[in-house]
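Before any comments, here is the structure.
The values are calculated or read from the model by the stated rules, or taken from the named source; none is laboratory data. These numbers come from a predicted model, not from an experiment. Don't worry about glycine lacking a Cβ; one is built from the backbone with ideal geometry, like all the others, and counts go over all protein chains shown.
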Amino acid sequence: MKVWISILVAAAVSYLIRVLPLTLIRRPIRSVFLRSFLYYVPYVTLAVMTFPAIVQATDKLPAGIAALVVGTGVAWKKGSLITVAAACCAVVFLLELVL
Amino acid sequence: MANTSRKTAYLEGLRDGLPIGLGYFAVAFSLGIAARSAGLTALQGLVASLLCNASAGEYALFSLIGLRAGYLEIALVTLVTNARYLLMSCALSQRIDPHMKDFHRYLFGGLITDEFFGINISRPGWLEPVYYYGAITVATPLWAVGTALGILMGNWLPGRVVSALSVALYGMFLAIIIPPAKENRVVAGCVLLSFVLSAAFAFLPALAGVSAGTRVILLTLLIAGAAAALFPVRGEEAQP
């Protein structure tokens, strides 16, 4: 039951975040600080969630480190979401065959 | 709008939604593996994916469920991990035809994702709801079914395949954060600082008591807040 309520809480928050600006805000946000803060938020959030989690996710630590390095490299070369994700999976799979 | 052009837009949405859906399926499968280790059933994963439609947000949700986190923490972390959709929603609001029926905002607005936002914002002119619905029709079911299959089949797969798939999500996150970091030094600094402080929270005994969810909130407020105060973004750049 607690799991279902947790899902519904997340669903409600996810929905409101997406729909409220679309329905309420008819003009662009004026505050430079708020605009800047919202601009930086996704990068910080995703970076915190990615590291060190990515090196802890694999069975063997070096494979996780390799996934981070290769993923960063492919993303640097402007690989799409799917390309980068696939490259990370492939390097972990191949390395854990030999490690 | 004539029926034929609406049909064309819908078909174009289906066409553009297919590659997105295939990518969603693979990532959702890896998300399902995370959900499985947090103790969710396939039905719970399916419903969560249909209702939340967010890789990072759902990943955080499943981790928090695994950690037996409270509802307030779940709400706050969902808010923070999905904050970028707030920005995208603001951007989309500028592209809405004043004559568009209002219910569309409540319908496709609930399904804003990085990819849907991308394909819609890159089309010229007013936003076309039917085009959006075409993409949703093909991609969203693949996202939900992928999650459920990840939960059901995660343990049938060999351990090394599961280990490999478990980094898919982080790869997607890297694909979102690295290209802007390459173009913008402040973003690069934010990403590096986030890595360092996040590792400090994970490994320093004095900080290890802070939950993963609280860590995301604290570091986001601290680092993004400091960056906004020290390096305010002006003009076009702040436009998502």
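Some notes on this structure:
- Of all positions in segment B:143-160, at least one carries a residue that is outside any loop (DSSP other than H, G, I, E, B) and within 11 Å of chain A (Cβ to nearest Cβ).
- Selection status of residue B:168, free of Cβ contacts under 8 Å to residues at least 60 places away in the same chain and either buried (at least 19 other Cβ atoms within 10 Å of the Cβ) or of a type in the set (Lys, Arg) (or both): no
- Of the residues making up segment B:208-223, those that are aliphatic (A, V, I, L, M), out of contact with any Ser or Thr (no Cβ under 8 Å at 6 or more places or on another chain) and surrounded by 13 or more Cβ atoms within 10 Å (Cβ to Cβ) number 5.
- Subset of segment B:62-76 that is among the hydrophobic types (A, V, I, L, M, F, W, C) and closer than 15 Å to residue B:215 by Cα - its residue that is surrounded by the most Cβ atoms within 10 Å (Cβ to Cβ): B:64
- Note on segment B:116-126: among residues that are surrounded by 13 or more Cβ atoms within 10 Å (Cβ to Cβ) and either more than 10 Å from chain A (Cβ to nearest Cβ) or touching a Pro at 6+ places or on another chain (Cβ under 9 Å) (or both), the one that is farthest from residue A:11 (Cα to Cα) is B:123.
- For segment B:59-71, a residue qualifies if it is in contact (Cβ under 8 Å) with a residue 40 or more places away in the chain and either under 13 Å from the mean Cα position of the chain (by Cα) or part of a helix (DSSP H, G or I) (or both), and the qualifying residues are B:59, B:60, B:63, B:64.
- Where helices (runs of 4 or more DSSP H) fall entirely within chain A, those with at least 3 residues that are of a type in the set (Gly, Ala, Ser) are at A:2-24, A:61-76, A:81-98.
- On inspection, residue B:110 fails the criterion of being under 20 Å from the mean Cα position of the chain (by Cα), closer than 14 Å to residue B:20 by Cα and in a helix (DSSP H, G or I).
- Any chance residue B:157 is within 28 Å of residue B:68 (Cα to Cα), at pLDDT below 80, in the same structural domain as residue B:42 (by TED's automatic domain parsing) and out of contact with any strand residue (DSSP E or B) (no Cβ under 8 Å at 6 or more places or on another chain): yes
- Checked against the criterion of being among the charged types (D, E, K, R), touching a residue at least 60 places away in the same chain (Cβ under 8 Å) and either in the same structural domain as residue B:149 (by TED's automatic domain parsing) or part of a helix (DSSP H, G or I) (or both), segment B:34-41 contains one or more residues that satisfy it.
- Condition broken by residue B:143, with the remaining ones in (1) closer than 30 Å to residue B:163 by Cα; (2) without any contact (Cβ under 8 Å) to a residue 40 or more places away in the chain satisfied: (2)
- Considering B:160, B:234, the condition of being surrounded by fewer than 20 Cβ atoms within 10 Å (Cβ to Cβ), over 26 Å from residue A:74 (Cα atoms) and of a type in the set (D, E, K, R) is satisfied by B:234 alone.
- Odd one out for residue B:117, checked against (1) over 29 Å from residue A:72 (Cβ atoms); (2) at pLDDT below 90: (1)
- Within segment A:42-92, considering residues that are surrounded by fewer than 23 Cβ atoms within 10 Å (Cβ to Cβ) and in contact with an Asp or Glu (Cβ under 7 Å, 6 or more places away or on another chain), the one modelled with the highest pLDDT: A:60
- Residue that is farthest from the other protein chains (Cβ to nearest Cβ), among those in segment A:62-86 that are of a type in the set (A, V, I, L, M, F, W, C) and out of contact with any helix residue (DSSP H, G or I) (no Cβ under 6 Å at 6 or more places or on another chain): A:69
- Total residues in segment A:10-25 satisfying the condition of being within 7 Å of chain B (Cβ to nearest Cβ) and either loosely packed, with under 14 Cβ neighbours inside 10 Å or over 25 Å from the mean Cα position of the chain (by Cα) (or both): the figure is 2.
- Conditions (1) under 28 Å from residue A:34 (Cα atoms); (2) surrounded by fewer than 21 Cβ atoms within 10 Å (Cβ to Cβ); number of the one not met by residue B:88: (2)
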